[in-house]
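*Asks:* Next up is a structure, given as structure tokens.
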Amino acid sequence: MERIHQKIGRIGEHLSIIRSIKDDCRIKFAVDPVYRGALLHYLYLLSDSCIVLAELVIKHNGLRIPQSYAESFDILGDSHILDAEFAYRFAKIASFRNFLAHDYVKINPEVICGQILSSLDDVDHYLIQISASLEQGDGTSSQ
């Protein structure tokens with residue numbers, strides 16, 4: 001359980017960093033390779049950490065082993081740890097993580113600075129649902 005709480009904290013740190021540097025993203029992304037690299041790195045860490053958190057929660061709850069990163073979220077939705085509709089939508093973070101890991105050359109700044117940065121609230125929603133399920137499962141507060 002401690003690893004789960006540590007991972008939740010780490011995701012919160014990644015979110016804070018990304019939010020602190022996201023202003024003027026389209027301009028900075030186009031002209032500043034250090035900014036671009038930092039943003040993409042933290043987005044990768046964020047997406048990868050969300051996947052690892054899903055896997056930790058699955059293991060903690062003794063659920064079936066996922067065959068893919070995306071399936072981890074489906075399992076959490078099927079198990080009512082996440083809202084099923086949200087889980088299906090949020091599973092796309094696994095594809096995003098793979099994209100960042102393997103297709104760096106094809107990065108579209110409009111997608112990163114627009115669509116991706118505007119969906120950071122989904123990560124907050126994910127953490128809220130995971131934390132709530134942990135509190136219900138333990139019968140104690142996570143704090």
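The values are calculated or read from the model by the stated rules, or taken from the named source; none is laboratory data. All figures in this text were calculated on a predicted structure; none of them were measured in a lab. Neighbour counts are summed over all protein chains in view; Cβ atoms, including those assigned to glycine, are modelled from backbone coordinates with ideal geometry.
*Asks:* Tell me which residues, restricted to the range 53-69, are among the β-branched types (Val, Ile, Thr) and over 14 Å from Leu127 (Cα atoms).
*Replies:* Here is the first cut: in the range 53-69, the ones among the β-branched types (Val, Ile, Thr) are 57-58, 65.
Within the range 53-69, Ile58, Ile65 meet the criteria.
*Asks:* Just name the residue that is modelled with the lowest pLDDT out of those in the range 102-122 that are among the aliphatic types (A, V, I, L, M) and closer than 15 Å to Leu39 by Cβ.
*Replies:* If we take residues in the range 102-122 being among the aliphatic types (A, V, I, L, M) and closer than 15 Å to Leu39 by Cβ, then Ile107 is modelled with the lowest pLDDT.
*Asks:* Restricting the range 77-87 to residues that are over 14 Å from the mean Cα position of the chain (by Cα) and assigned to a helix (DSSP H, G or I), which is nearest to Ile51 (Cα to Cα)?
*Replies:* Gly77
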